[in-house]
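What follows is a short report on a single structure.
The values are calculated or read from the model by the stated rules, or taken from the named source; none is laboratory data. Quick caveat, the model's predicted, so the values are computed rather than measured. With ideal geometry, Cβ positions are generated from the backbone for all residues, glycine too; neighbour counts draw on all protein chains shown.
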Amino acid sequence: MPHTIVIFGASGDLTSRKLIPALYNLKRKKRLPEDARIVGFSRTAFSHDEWRKDLRATTQEFAGDKFKPEVWDEFAKQVFYHAGDIGDQADFVALGKFLGELEGGQNASRVYYLSTAPRFYGQAVEQLGKAGLACEDGGCDRRVVIEKPFGIDLASAKALNNTVHAHFKEHQVYRIDHYLGKETVQNLFVLRFANAIFEPIWNRQYIDHVQITVAEEVNVGSRAGYYDSAGVVRDMIQNHLLQLLMVTAMEPPARYAADPVRDEKVKVLLAVRPKTPKDIARDTVRAQYDGYLKAEGVPENSKTATFAAIKLGIDNWRWQGVPFYLRSGKAMSCRTTQIVIQFRQPPHMLFKEGPKTIRDANRLIIQVQPAEGIQMHFQTKVPDAGMTMRQTDLDFNYQKNFGGSIPEAYERLLLDAIEGDASLFARADEVEAAWGICDPILNTWAATDQPKLLTYEPGGWGPVECTEWMAAQRREWFDAC
Ligand code: BG6
């Protein structure tokens, strides 16, 4: 069956920066089906060749030394453009006709990729449905890929799900969270479920707590217009960090397939202990980097948090009493995403020289990016020094072991959408459960002054109060680039 990928929002930034370079890379690796056609749809009036020419320049820029003119020439033959307006039903009817001609009347599988501004997602889905392009009754293969953000709170996410479900069945819907496309996040499944040694200790008996940090060195730059209405919880925690939490904490699924995997993931979110405003005042830290208010487009009295740390509890047998700390911020010391599994101290320390604090207990660090790898910290006897010990580590590094570069998340996700594998996409109940965790935090922050919005110096690890907050719990952030 031939494949057609229609990109709505074709003249946008995501298309040129991520989607087309990813599709081009799939072509270069001979993974893009020969009979796949990519069709851009947006209001700008381009001919096929004008769009191809623009994309060539941006792909060259973003693919760097992986850009090969001869591969591009072959790829460009699979690229087409159709101008249209999301608000105009006639344009969708015309698109349907164009796609039919392009597919030569064959029953092609189609992926509709919504990369427009988020406010158009619902409308685009409705137009597809009304123009008879959704094919929800089966008989043809149609999928819709929806970019993040999926709603701005629980109510809007539910409303969007309702609109989507009026035209597409859930199995046709692929909600993107590009963190799931990262190799190291997929490796978490492998680490946990393709090895026997971790599972017996992956629980409350051996683990003291888990830290999930997504630090970014960049500040909001020119994105303040969007960012100020989102803030760190909507931009990062509701999606990327909660995805990392789910994959870290989930039970083994019965099979590695879309629904068994997502069933287990969503159970984690449903087990997250609900928080009262009082809990939120105690269990969250919010802050804004110094200088944020001067960024272009930020209102002078903005209280948008660019940093947050949130302590969550998971009420199930595996995780009762094990806090999960989620932390993310812009304008931090460096770009790093890491999951730190902090084990407990030995129940009895034989050696008087041995470590006394949790800081020196075993620690497994999953480096999601950019230095992809895994480290295990453990105590070792210092040679020729009595029983003095020191923490050392076993260090696995992707680059050293596999060479080459790690592919962009979008390559994997686009290929999965083309092939109809939804395992690495969020299901309706998953996004709603994620908003169910974030809404009370956002509402409490908006309605009360507790916790206070703190300030932090760019280039560090967030506000000093956050370090103290952790110390008051007899724990310590693992701050390492
Ligand atoms: C996006 C956020 O979803 O993820 C951005 O909107 C953030 O604010 C980005 O910078 C981080 O992605 P990555 O892959 O660079 O960690």
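List of remarks:
- Note on the range 162-202: residues that are among the acidic types (Asp, Glu), under 19 Å from Tyr121 (Cβ atoms) and more than 13 Å from the ligand (Cβ to nearest atom) total 1.
- Scanning the range 211-227 for residues that are on the phi < 0 side of the Ramachandran plot and within 11 Å of the ligand (Cβ to nearest atom) yields Val214, Ala215, Glu216, Glu217, Val218, Asn219, Val220, Arg223, Tyr226, Tyr227.
- Tally of residues being part of a strand (DSSP E or B) and under 16 Å from Ser109 (Cα atoms) across the range 1-39: 9
- So Val173, is it assigned by the TED database to the domain that holds Ala308 and modelled with pLDDT of 95 or more: no
- In the range 92-141, the residues that are part of a loop (DSSP other than H, G, I, E, B), in contact (Cβ under 8 Å) with a residue 40 or more places away in the chain and surrounded by 15 or more Cβ atoms within 10 Å (Cβ to Cβ): Glu103, Ala108, Ser115, Thr116, Ala131, Leu133, Asp141
- Residue within the range 288-309 that is away from the ligand (no atom under 16 Å from the Cβ) and part of a helix (DSSP H, G or I) present: yes
- Applying the condition of being over 16 Å from Phe402 (Cβ atoms) and β-branched (Val, Ile, Thr) to the range 369-383 and asking which residue is farthest from the ligand (Cβ to nearest atom) yields Val382.
- Residue match in the range 219-228 (condition: crowded, with 18+ Cβ neighbours inside 10 Å and of a type in the set (Val, Ile, Thr)): yes
- Yes/no for Val261 being closer than 19 Å to Val190 by Cα and either modelled with pLDDT under 95 or within 16 Å of the ligand (Cβ to nearest atom) (or both): no
- Just one of (1) within 16 Å of the ligand (Cβ to nearest atom); (2) within 29 Å of Thr448 (Cα to Cα) fails for Thr336. It is (2).
- Single residue of the range 404-442 satisfying the filter (aromatic (Phe, Trp, Tyr) and under 18 Å from Val185 (Cβ atoms)) that is nearest to the ligand (Cβ to nearest atom): Tyr410
- Checking each residue in the range 40-61 for being in contact with a Gly (Cβ under 6 Å, 6 or more places away or on another chain) and part of a helix (DSSP H, G or I) picks out only Trp51.
- Any hit, the range 66-84, residues being among the aromatic types (Phe, Trp, Tyr), assigned to a helix (DSSP H, G or I) and over 30 Å from the mean Cα position of the chain (by Cα): no
- The range 228-250, residues that are touching a strand residue (DSSP E or B) at 6+ places or on another chain (Cβ under 8 Å), more than 12 Å from the ligand (Cβ to nearest atom) and over 14 Å from Asp439 (Cβ atoms): Leu245, Thr248, Ala249
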